[in-house]
Every structure is written in C-alpha cells, then in structure tokens.
Amino acid sequence: MELTMIEKDNQPMAAIIRENQVYTINSINRFCETGWPLVIQDIIENRVIDLLSDWYENTPSGIWESIPSIPFEFVNPADLFQSPRGIWGIGFNYQPEDDSMPKEIPDHPVSFVKPWNTICSVNQSIAIPAHSQETNGEGEIALIIGKKCKNVSLTDAMSFIAGYTTALDMTEAAIHRENPRFLARAKSFDTFCALGTTLQTAHSFSPVNRTIQTKLNNRIISENTTERMLMNFEEIVHYFSKETTLYPGDVILTGTPGPVRIRDGDTLTAEVDGLRTLTKIVVQESEHAAR
C-alpha cells in the first residue's frame, strides 16, 4: 500500500494511491463507513497502519470504483511529516562495488542526528548556506519507525518499521572536513533533509536487493544496491534502539551510495527502484537572507 499526504480544501490529508489514482482517507471513511485517522502521522502513532494495510489488501476491487479519486499527477502534495520527533542517520554504509564485502559489520558505525528544522518541505528548494564552501547531496532510502521501541532484537527489528520513502541528505562538506567532530553542525542547516512525498508500507515493499542512485541534473553520479549495505535495515533499527527509544514517525536515513557537490540551479535526485523518485531544485542562499 502506498500512502501520501495531499493539500485539499486548504488542509493536509492522508490518501491512498492505487493504480496511480489518489483516494483521500476522508473519502474512504465516508464511502466505506470506516474511521481511519486523517493524517499519516496519526495513522502511524495510533498503530493502525497494519490494520489499514490489511483492510486495503482484502477490500474487493469493485469498491474503489465508487470512491471519488484524483489522478496522482493532479494532486498538490503535502509533507509526509511536519516535524518528525527524531531524524537519525547512518554514514558510509555502502561498500563500493569494486571492494569485497567485509566479514563483520562495524561495531560503531558513523551515525548522526538531524534536527527537525532540516526538513525540506515539498514546496521548498534545497538551500545552500550563504557561506558554504562545499555542500554535498546524497540519495538514500529512509525508513519510518512504526512503533515505540527500545532494545529491539535483530529478529524483531523489521516488525517496527512502518514503511519506506526516498530521501536526500545534505552535508556541508567543508565544515566536516575541517574537523570530523563537526558532523552534527555540517548536517544541521535548514532544508538539509528532503523526504519523498509517498510512503510505501512495510507490507508492500521489501528493501532487499534494491538499486539506489544519486543523480545530479539527471546524470547518475553514484549507484549501489542494498545488498552491499554494511548494516542492513534490521541491523540499523537494532543499533539505534540500543542507544535510545525510537518513536512512531521517527525517520532513519540508511546511507548513500555516494555524495555529489551541489550548486545553485542544480537538480538533485534520489532514485530507488520500487519507490517514487525524489527530485529537488538547489538554490544558493544569499547573505541578506541568512541574516
């Protein structure tokens, strides 16, 4: 099942995408006499995403003919989440294609936290900070936590994932290069985290053997597959849940096949087979706007 948030009647509302038609949850509730929450954050936090997925899979196809819908290309997208409680990330998580895979995963992978202000809204461009010397962008898969969890076992980790979306993670590389301890600062500028506009639920998307690409101006800069991740998805959830409690709607950026330097006027794209492509325009922030 593919979920999205759209702007309708001047308010954001959740919807299901089926055969490229968008059905708002509000319309589904009205025509099917259901009571699903009206925004994705509430669907996840109220722990009904699995129930909604089961309902979707078992609903006769003829019912959809009676529910009003809008072609996907004609909807106005809204943010999947306004301000996630937590945005976590793993760095250097893909083994280059020419290198053999290590026998053991790292005990302490490169990890980071991004504040909520880094979210780049659907109608925003990625803003290069006014005094940036080198800003890089990275295509990634983002997983969304579905249930509150702590000390999750590897065996159970996948059951705590609500779904997946594409993501773009930005870093001010010059700051990070100056001192590796500056990673948090280098990743915390406004608009430095963009998420896709749709969420593929864990029931409908397997992250196994997926190709992920970072593109600049429609040219592939880096590419790899999830089979070459040093920490896979269950290991990532297991690792972060050992450090802290994870909450519904938390976002975890799972790593990139490689970064690319971005400049004013560029288009930056994250492309993952099985997920909707995410493309953002890049703009240079002026010194005046930065004050």
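What follows draws every value from the coordinates through simple rules; no lab data is involved. Owing to the predicted nature of the structure, the values given are computational and were not obtained by experimental measurement. All Cβ positions, even for glycine, are placed from backbone atoms using ideal geometry, and neighbour counts span all protein chains on display.
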Once amide H atoms are placed 1.01 Å from N in the peptide plane, what residues at a sequence separation of 5 or more from residue 256, or on another chain, have their amide H within under 5 Å of its amide H?
92, 93, 94
Using the scaling law 2.2 N^0.38 Å as the reference, what is the normalised Cα Rg of segment 214-291?
1.41
Mean separation of Cα pairs under 8 Å and 6+ residues apart, divided by the residue count of the chain: what relative contact order is that in percent?
24 percent
Starting from the 7 Å offset along Cα-to-Cβ, what nm value, one decimal, do you get for the label separation of residue 156 and residue 46?
2.5 nm
Residue 148: which lysines have alpha carbons under 27 Å from its alpha carbon, excluding same-chain residues fewer than 8 sequence positions away?
114, 187, 242
Can you work out ³J(HN,Hα) from phi for every residue in segment 82-88, in order, using Karplus 6.51 cos²θ - 1.76 cosθ + 1.60 and θ = phi - 60°, giving whole Hz and x for Gly and Pro?
6, 8, x, 4, x, 10, 10
Going by amide H atoms built from the backbone, whose H comes under 5 Å of the H on residue 221, apart from near neighbours?
214, 215, 216
Helix-only mean residue ellipticity at 222 nm, the chain, DSSP H runs n ≥ 4 weighted -39,500 (n - 2.57), per residue, nearest 500. What is it?
-4000 deg cm²/dmol
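Would you please put 77-87, 220-230 in order of how densely packed they are, using the mean number of other Cβ atoms within 10 angstrom per residue and starting with the highest? Numbers along the way, then the final one.
Numbers: 77-87: 20.0, 220-230: 17.9.
Order by mean packing, descending: 77-87, 220-230.
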Pull up all non-local amide H partners of residue 161: gap of 5 or more, or a different chain, and H-to-H distance under 5 Å with H placed in the peptide plane.
146
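Between residue 243 and residue 95, what FRET efficiency comes out of the Förster formula 1/(1 + (r/R0)^6) with R0 = 22 Å and r the beta carbon distance, rounded to 0.05?
0.40
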So for 140, 235, fewest C-beta neighbours within 10 Å to most, what's the order?
235, 140
Within a 10 angstrom radius of the beta carbon, how do 108, 203 rank from fewest other beta carbons to most?
108, 203
Sorted from fewest to most neighbouring beta carbons within 10 Å, what does the list 2, 287 look like?
287, 2
Using only the alpha-carbon atoms of segment 87-290 as identical scatterers, what base-10 log of I(q)/I(0) does the Debye formula give at q = 0.12, 0.13, 0.17 Å⁻¹?
-0.57, -0.67, -1.17
